[in-house]
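Accompanying notes for the structure given below.
The values are calculated or read from the model by the stated rules, or taken from the named source; none is laboratory data. What you see is a predicted model, and the numbers here were worked out from it, not measured in a lab. Here the Cβ positions follow ideal geometry from the backbone for every residue, glycine too, while neighbour counts run over all protein chains shown. The area values use the complete protein model at the heavy-atom level, side chains included, leaving out ligands, DNA and RNA. Shrake-Rupley method; radii C 1.70, N 1.55, O 1.52, S 1.80 Å.
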Amino acid sequence: MSGDPLEALPRDNGGPNADSLLVWDELARNLPGLWATGQLREHLLREMPPPLTSLSDYDHNDSQKEKGGNHLVSFLQENGGQPALERANLVLSFLAHSFVWASDDDKVAKAKPAKELPASIAVPWTAITEALDRPTVLTYYSYNACNWKRINPEKGVELGNITRLLNFRGGQDEEWFSMVHVAIEAQGGSALQAMVDAHAAVIKLDAQGIALALERAAEALESCTNILRRMEERCDSYIYHTRVRLPMGGWNDSNLFPQGLGYQGVPGGNQEQRRRERFFGETGAQSSLIPAIDSSLGLQCGAGVKGDANAAGLVPYLMTMRQYMPPKHRELIVDLEPGGRALREACKEHGMETSAAFDMVLNRLWEFRTLHMELTHKFVRQWDKRDDAEVLGTGGTVFTPYLRAHRKATKEHCIHQRR
């Protein structure tokens with residue numbers, strides 16, 4: 001998303017959406033306090049404006065306009081465009097996940113999440129996510145990229161100058177965990193732009209241009225690693241595991257959601273009264289940054305997993321995670337793949353300067369993955385006594401075998417096979 005996220009929904013003064021937009025924003029901003037009361041679900045059921053008569057009343061289709069529907073989606077598109085839709089999705093995502101997972105006792109919340117989402121949340125949320133072409137669940141993009149503001153508008157998107165717009169329970173650890181990711185995404189954009197420039201230099205047969213662009217990419221990735229290294233400054237691993245992590249979860253666990261999560265008021269398939277879904281939770285696997293860098297280097301998603309059943313089993317999941325990204329992001333990953341293969345071949349052909357620069361990018365990427373693995377151990381793995389194949393990340397999947405395999409594949413993709 002270009003530009004800073006919206007800090008509030010547009011106001012529909014006197015219009016049919018006026019009450020809903022105002023109440024949604026207010027409830028979402030007050031979530032940390034509501035979590036602390038132990039009465040969050042009851043409060044949302046009481047305060048959320050009732051939904052319109054059907055999902056189509058929120059539609060932006062011209063035929064629905066002729067029927068005099070509410071057309072929330074059209075209002076948002078006309079009064080803020082994509083950022084307004086993203087703000088609505090962020091607000092409703094936080095309200096929905098709070099409703100599902102809220103409890104004054106974490107043990108109760110983990111064992112007994114809500115199995116049904118009320119229509120007052122489910123119906124408008126579904127309309128918004130359908131307009132955005134993303135699943136109706138909290139995603140990495142909403143949780144991080146659409147959920148920050150600058151303290152000083154004149155300064156950059158960097159740690160120390162950004163803060164969250166919305167939190168679940170609040171506190172330093174939740175703030176810092178997300179802001180580290182926002183800062184990485186901001187810095188990582190420079191790495192991705194440099195890789196695009198390297199692809200352009202390949203087309204021009206410009207060996208020096210290739211090397212210079214790759215050096216810029218390596219420098220930006222090193223900065224990303226340095227930002228990630230700061231995670232533990234203000235986010236304690238135990239607090240993350242026991243307090244921050246829970247609300248990010250989805251509803252793909254068949255033990256907790258044997259029939260999936262019900263979306264009241266949203267028609268289901270096969271003549272079901274309501275839609276039921278098993279969506280994965282928010283996870284870094286939904287970030288498009290590193291997959292796009294991989295593609296730009298010609299490094300395939302499933303590289304390094306051959307012979308490792310646990311790692312190989314995660315590849316379909318990672319491909320599914322692309323559907324949780326904004327459409328343009330997942331398209332970019334695919335579009336970069338041919339250029340990534342051509343770049344590696346060009347670097348081999350142009351000699352030591354370009355091949356060394358190519359390997360330097362992979363080495364910086366390997367270092368980032370190594371640190372990421374270390375942090376997943378500290379923040380998730382060390383608090384779970386089960387085997388690696390049983391420990392799940394926030395996305396609801398086994399992650400350790402794949403991270404290990406893909407880090408190895410990153411090193412093996414080097415032209416000179418060395419650090």
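In the stretch 127-143, the qualifying residues are those that are surrounded by 23 or more Cβ atoms within 10 Å (Cβ to Cβ) and part of a helix (DSSP H, G or I), and the one that is nearest to the chain's Cα centre (by Cα) is Tyr140.
Selection of the stretch 233-273 for residues being free of Cβ contacts under 8 Å to residues at least 24 places away in the same chain and either farther than 22 Å from Phe94 by Cβ or open to solvent by 50 Å² or more (accessible area, probe 1.4 Å) (or both) yields Asn255, Pro258, Gly268, Gly269, Asn270, Gln271, Glu272, Gln273.
Looking at the structure I just gave you, is Ala183 aliphatic (A, V, I, L, M), free of Cβ contacts under 8 Å to residues at least 60 places away in the same chain and surrounded by 18 or more Cβ atoms within 10 Å (Cβ to Cβ)? Against the criterion (aliphatic (A, V, I, L, M), free of Cβ contacts under 8 Å to residues at least 60 places away in the same chain and surrounded by 18 or more Cβ atoms within 10 Å (Cβ to Cβ)), Ala183 qualifies. Residues in the stretch 201-222 that are open to solvent by 40 Å² or more (accessible area, probe 1.4 Å) and out of contact with any Phe, Trp or Tyr (no Cβ under 9 Å at 6 or more places or on another chain): Ile203, Lys204, Leu205, Asp206, Gln208, Leu212, Glu215, Arg216, Glu219.
One residue alone among Met360, Met373, Met325 is open to solvent by less than 60 Å² (accessible area, probe 1.4 Å) and modelled with pLDDT of 95 or more, and that residue is Met325. Name the single residue that is nearest to Arg322 (Cα to Cα) among those in the stretch 274-303 being among the charged types (D, E, K, R) and surrounded by fewer than 18 Cβ atoms within 10 Å (Cβ to Cβ). By that ranking, first place goes to Arg278.
Being farther than 28 Å from Lys378 by Cβ and in a loop (DSSP other than H, G, I, E, B) is a condition met by at least one residue of the stretch 277-285. Name the residue that is farthest from Thr354 (Cα to Cα), counting only residues in the stretch 206-244 that are outside any helix (DSSP H, G or I) and in contact with a helix residue (DSSP H, G or I) (Cβ under 8 Å, 6 or more places away or on another chain). Per the stated criteria, the residue is Asp236. Name the residue that is most open to solvent (accessible area, probe 1.4 Å), counting only residues in the stretch 1-38 that are under 14 Å from Leu90 (Cβ atoms) and part of a helix (DSSP H, G or I). Only one residue fits best here, namely Arg29.
Filter the stretch 89-114 down to the residues that are in a helix (DSSP H, G or I), modelled with pLDDT under 70 and not hydrophobic (A, V, I, L, M, F, W, C), then identify the one that is surrounded by the fewest Cβ atoms within 10 Å (Cβ to Cβ).
Lys107
Among the residues of the stretch 334-357, not a single one is aliphatic (A, V, I, L, M), open to solvent by less than 60 Å² (accessible area, probe 1.4 Å) and either more than 30 Å from Asp206 (Cβ to Cβ) or modelled with pLDDT under 95 (or both). Here Glu174, Glu154, Glu158 are screened, and the one residue that is charged (D, E, K, R), closer than 28 Å to Met360 by Cβ and either in a loop (DSSP other than H, G, I, E, B) or open to solvent by less than 40 Å² (accessible area, probe 1.4 Å) (or both) is Glu158. The residues in the stretch 130-144 that are among the aliphatic types (A, V, I, L, M) and in contact with an Asp or Glu (Cβ under 6 Å, 6 or more places away or on another chain) can be counted, and the count is 1. For the stretch 377-402, what are the residues that are open to solvent by 30 Å² or more (accessible area, probe 1.4 Å), assigned to a helix (DSSP H, G or I) and modelled with pLDDT under 85? Arg381, Gln382, Trp383, Asp388, Ala389, Glu390, listed by residue number.
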